[in-house]
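Notes follow once the structure below has been shown.
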Amino acid sequence: MKKSILLYFGISALLLINDSLCAQTSGWSEVAPGVWKSVIGNPDKTDLFNSAGIKPAIDALSRIASAEFPLPEKNIVAEVINGKTYLRFPLVKDEQIFGFGLNFKTVYQRGKILQLHVDHYGGTDNGRTHAPVPFYVSDMGYGVFINSSRYLTVYAGSGVRKDSPDAPEERDRNTDKQWTSRPYSDAVEILVPATGVEIFVFAGPTALDAVRRYNLYSGGGCLPPRWGLGFTQRVPTLYRAEQVEQEARSFAERGFPLDFIGLEPGWQSRSYPCTFEWDSTRFPDPPSFVKKMKEMGIRLNLWTNPYVSSFSPIYNKILPYTSSHTVWGGVVPDLTIAEAREILSEQLLNNQINIGISGYKIDECDGYDHWLWPDVAKFPSENSAEQIRQTYGLLLQKMTTDLYRQKNTRTYGLVRASNGGGSSFPYVIYNDYYSHEDFITALINSGYSGVLWTPEVRSSKTSEEWLRRMQTVIFSPMAMINAWSSGTKPWSFPDVEKEVREIALLRMQLMPYLYTEFARYHFEGIPPFRGMNLEPGFSIKSKAELKNKNLDENPYAEAVMKEIKDQYMTGEYLLVAPLFSGQTTREVILPEGKWYDFYTGEYAGDGEVIKVTPGLDKIPVYVKDGGIIPMMQPMLHAPASGQKFDLEIRYYGSKQGYYRLYDDDGETFDYEKGIYSWREIKVTPDKKGKLTGTISKAEKGKPDNVGTVTWKFMTE
Ligand code: GAL
């Protein structure tokens, strides 16, 4: 017999039909400003938000304009049938949706069929990816999150119900040219293989506000240490201590910035599976080595995967808390169990963190199926293998972040798996896929899903490709060369060495701006790297206008209607439009409002499509009218806590300019106790257009890293 419960949601009223499962719904309750939750049936104990241990930033949420429940409640439907939960959310004509995690090929998600499943990305946007976050955001200005640690099947506007009020007309393919194999669908439908689930709806009013609310509800975006935004080089697997020291010296001698070096598997005595201890032949004296590197201004990040070798000192202790199946012969800790976390944490602390290791690169916690534990594996906590797979990246990020928090030292590392609720973790996702174009699409998609992504540089066929890749990685959350197998250095292509140095130094110059934009990610939930569709005035407004426009005469309106996956925003003001190998010219869509060339300050356009031929040495970057970009001198290392840096404040355009520069010690968690400051920067034109800039004084008793201030009015 079909057991079902059908729920039409209403904040005050709900209708139950055939409740033979006796499941309950809570209706919708506003759990934070602009955030509503409903509980359907009996949800699993382990979900994404509790695995991530989120602490909603309620104060920050209350600072966003108040909003009504953003969807027609009666059109959200949930049914629990024979142990599975069926969800339906409405879509209207012309609506576009974004998100569903770290996709690489597409930004538009309407019409997609996905099975959200943590995995190493395999080249197809089918839901199997490093962070298959079950969150989507609509250009109508709302977001939806499914708080489940199951493999979810998503029909993002593909199914057509016979009772749909918007059902497409049946057509005869023999004779009707309008017949289509994909008729119109008016809903996102999701199958949750569990007897219940929590669902969340995030209000706008804009799509960006919905994303902000999701990030803030997850605890606010991460704030990396200042050094985390500097340059990082990962060295070949079997490098020894003296080679690593030599690497750091070479960077300094050649004038390349460097803040941290990543050691790959060879720092451990065995890897794949791992021992979590130093290899004594390559690193005979780890404490002195770490100290020496720190004296050179270089921190160290350690690669690891979570699978424990029988040669590891923690093997016997952790064995009772591991799964039935192994990975490469190593045991898989059940990180939902406190004892397993404690045993692993103690090893990381005593052997690495306490001697000054700054962070980790947590590899192989995503897939592939061929080597990861199968779904038939059993874990001692009795969480299913599926649930552990979906949350393992979150659990690892949380465990390590907590260790650094205990020491009141920030970390910034890499991870290959994440999921919903992970916005606050100081980790950047990477992978082995290496398509430059798709890496940029992933960077855009990361901004819709509360994760960070680096288009890392490893190797290149030509110096052109090398430089083009370097130009984009410096406009990303982690400016990194991953030379674990290639052994490349920034200067590996001598004919572009100068240009690579310049772009790496530009990254350092932009640090005050980038650091502030990460602070806004933390305090306001605004992703520092975002797709154009989150830009005000870019899609929603223009879309309505489009109806009255002749497309032939209005390429801008047409352009904004298309999926844009090769240009993006970096922070409040910068629009970045990369070129890829083989390209000498490209089109850039400048949203409505005036835009200026970042390098020259010259006017570039307003609500139009421009064609640019920038030369190999430049990545096209444009600044919004009134844009204020606080920059510092090109230093080789990020300023240490309390170290002054000189500020060059660049201003673009003609509009009154306003920006708040963020400052704190750059290294500890004291900002969580209010020990930070925002300094107001203003640029005002007088009647004749002459510009004056002011910056407010440093707050008394608060961190103050700003030395002398100079102004550069770029648009004269
Ligand atoms: C891969 C990882 C690479 C590198 C390599 C070392 O799984 O994606 O970045 O760390 O392992 O073996």
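Here, each number is a calculation from the coordinates, and none is a lab measurement. Just so it is clear, the model here is predicted, and its values are computed rather than measured. We place every Cβ from the backbone using ideal geometry, glycine too, and count neighbours over all the protein chains shown.
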Karplus-derived HN-Hα couplings along segment 224-231 (A = 6.51, B = -1.76, C = 1.60, θ = phi - 60°), whole Hz, x at Gly and Pro: x, x, 4, 4, x, 8, x, 8
Inter-label distance for Arg173 and Arg249, nm, one decimal - labels placed 7 Å from Cα along Cα-to-Cβ: 7.1
Segments 204-216, 95-107, 328-340 sorted - mean Cβ within 10 Å per residue, highest first: 204-216, 95-107, 328-340
Derived scalar couplings ³J(HN,Hα) [segment 366-383; Karplus, 6.51 cos²θ - 1.76 cosθ + 1.60; whole Hz; x for Gly, Pro]: 10, x, 7, 4, 4, 10, 6, 4, x, 5, 8, 5, 10, 10, x, 6, 6, 5
Debye-sum result for segment 133-225 in log10 I(q)/I(0), which assumes one identical scatterer on each alpha carbon, at q = 0.20 Å⁻¹: -1.04
Segment 201-308: C-alpha pair distances exceeding 23 Å, %: 45
Per-selection Kirkwood Rh - segment 371-422 (Cα, Å, 1 d.p.): 12.5
Highest to lowest packing among 704-710, 451-457, 426-432, 616-622, scored as the average C-beta count within 10 Å: 451-457, 426-432, 616-622, 704-710
Projected-area average for segment 68-109 over all orientations - Cα convex hull basis, square nanometres: 4.9
Amide H contacts of Val415 (H built 1.01 Å from N, under 5 Å, at least 5 apart or other chain): Ile362, Val428, Ile429, Tyr430
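Per the helix-only calculation at 222 nm, which mean residue ellipticity applies to the chain, given -39500 (n - 2.57) for every DSSP H run of n ≥ 4 and division by its residues, nearest 500 deg cm²/dmol?
-6000 deg cm²/dmol
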Placed amide H near Arg234: partners under 5 Å, 5+ positions off or other chain: Gly262, Ile481, Asn482, Ala483
Against the rule of thumb 2.2 N^0.38 Å, how large the Cα Rg of segment 591-682 comes out: 1.36
Options Leu574, Ser271, Val415, ranked by Cα towards positive dipole end of the chain, top entry (Cβ charges): Leu574
Relative contact order (%) - the chain, alpha-carbon pairs under 8 angstrom, separation at least six: 12
q = 0.07, 0.09, 0.12 Å⁻¹: log10 I(q)/I(0) that the Debye formula gives for the chain, counting C-alpha atoms only: -0.48, -0.80, -1.42
Selection from Pro426, Pro286, Phe493 lying farthest towards where the dipole of the chain points positive, charges on Cβ: Pro286
Karplus-derived HN-Hα couplings along segment 670-676 (A = 6.51, B = -1.76, C = 1.60, θ = phi - 60°), whole Hz, x at Gly and Pro: 4, 4, 5, 9, x, 8, 7
Kirkwood hydrodynamic radius of segment 181-253, Cα pairs, Å: 18.4
Cα-centred dipole magnitude for segment 394-527, charges only on beta-carbon of K, R (+1) and D, E (-1), debye, nearest 20: 500
Long-range HN-HN contacts of Ser149 with modeled amide H, under 5 Å: Leu48
Among 637-649, 294-306, the order from most to least packed when residues are scored by Cβ within 10 Å on average: 294-306, 637-649
Charge dipole (debye, nearest 20) of segment 124-209; +1 at Cβ of Lys and Arg, -1 at Cβ of Asp and Glu: 340
Per-selection Rg to Rh, segment 571-639 - Cα, Kirkwood hydrodynamic radius: 1.01
Kirkwood Rh and Cα Rg combined as Rg over Rh, evaluated for segment 481-543: 1.17
Estimated translational D of segment 276-358 in µm²/s (Stokes, Kirkwood radius over Cα pairs; 37 °C; 0.692 mPa s): 236
